[in-house]
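Following: one structure in structure tokens, then a few remarks.
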Amino acid sequence: MSSNSARFITLEGVDGSGKSTQARLLKDALEAMGHDVLLTREPGGSPGAEEIRALVLEGEPDRWSAETEILLFTAARRDHLERTILPALAEGKVVICDRFVDSTRVYQGISRGDLREVVDKLHALMIGREADMTLLFDMDPAVGLSRAKARQTKEERFEDFGLDLQVQMREGFLTLAKAAPERFAIVDAGRAVEAVAADALAAVKARL
Ligand code: TYD
């Protein structure tokens, strides 16, 4: 595999967009092609970052301000990057990460005021790594939200912000994708799981 191939792949989308299912299917497909694959997620993906996950995803929507969240998500990301992502890439693995900094750009950067610049500055300072390729699973946020709520977990802080915010999040992701077309592939996630998986795999194959 050439050293400049797209090996760090991130998956993004609104809540309930089916990313996690697609992440597993993509892992299976890439493994069947002979790749060594690590599947991981944010917030979390390392023991320390999983502890931060519980802090940010559980509790009342107003538990943290957006500014505090940026610090918590970035702290979790730094630990995840150091302990999980970079070592796996160094071993030659393909890394599939369910959410990364684009989620912070959208969920914290635009949800409660304009904090995009803060997110980007902190990212440059403490993370300094973009994905080689990002799959955006795009779908109607109302459908996504009803799916996400049907799961009934304790991790509903962001879902509890409501539909208006999810609509804003979708627009935010699409705006990011338009600004960086060389990194993003947009997949229509409002279809059957197999059809979505086939498109996602084709997009990855084109760049791997
Ligand atoms: P996730 O577990 O991926 O939930 P889902 O499978 O429903 O997409 O993500 C949990 C929540 O964390 C999700 O609502 C988005 C939020 N989040 C942020 O707000 N900022 C971030 O930087 C990340 C990584 C996630």
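Using every Cα-Cα pair within region 125-167, state what percent have a distance larger than 17 Å.
The share of Cα pairs beyond 17 Å in region 125-167 comes to 49 percent.
Compute the FRET efficiency between S20 and K121 as 1/(1 + (r/R0)^6), taking r as their Cβ-Cβ distance and R0 = 25 Å, and round to the nearest 0.05.
FRET efficiency, S20 to K121: 0.25.
How much length is gained on full extension from E31 to L86, taking 0.36 nm per residue of separation minus their Cα-Cα distance?
Net length gain for the segment: 17.9 nm.
222 nm [θ] for the chain, helices only, -39500 (n - 2.57) per DSSP H run of 4+, per residue, to 500?
Theoretical 222 nm ellipticity from helices: -14500 deg cm²/dmol.
Based on alpha-carbon positions alone, could you give the equivalent ellipsoid semi-axes of the chain from the gyration tensor, as √(5λ), descending, whole Å?
For the chain, the ellipsoid semi-axes come out as 25, 20, 16 Å.
List the residues whose amide H sits under 5 Å from the amide H of V37, counting only those 5 or more places along or on another chain, with H placed 1.01 Å from N in the peptide plane.
Amide H neighbours of V37: V94.
May I ask you to derive the relative contact order of the chain, considering only C-alpha pairs under 8 Å and at least 6 residues apart, and to give it as an integer percent?
Worked out over the chain, it gives 33 percent.
Select from the chain the helices, each a whole stretch of DSSP H, whose alpha-carbon atoms run 20 Å or more along the helix axis and whose Kyte-Doolittle mean is at least 0.0; answer none if there are none.
The answer, listed by residue number, is 163-179.
List the residues, sorted by chain then number, that are 5 or more residues from T134 or on another chain and whose placed amide H is less than 5 Å from its amide H.
T10, F184, A185
Going by C-beta contacts inside 10 Å, put M133, M126 in order with the fewest on the left.
Exposure proxy ranking, most exposed first: M126, M133.
Would you mind getting me the FRET efficiency between E50 and S146? Use the beta-carbon distance for r and R0 = 30 Å, nearest 0.05.
With R0 = 30 Å, the Cβ-Cβ based efficiency is 0.65.
I want to check a number: in the chain, how many lysine pairs have alpha carbons closer than 21 Å, given a sequence separation of 8 or more or different chains?
11
Between R207 and K93, how many nm apart are label points set 7 Å from Cα along the C-beta direction?
It works out to 2.0 nm between the two label points.
Coordinate-derived values only; no laboratory data. Quick caveat: nothing in here was measured; it's all calculated off a predicted structure. Quick reminder, even Gly has a Cβ in these numbers, built from the backbone with ideal geometry, and neighbours come from all protein chains shown.
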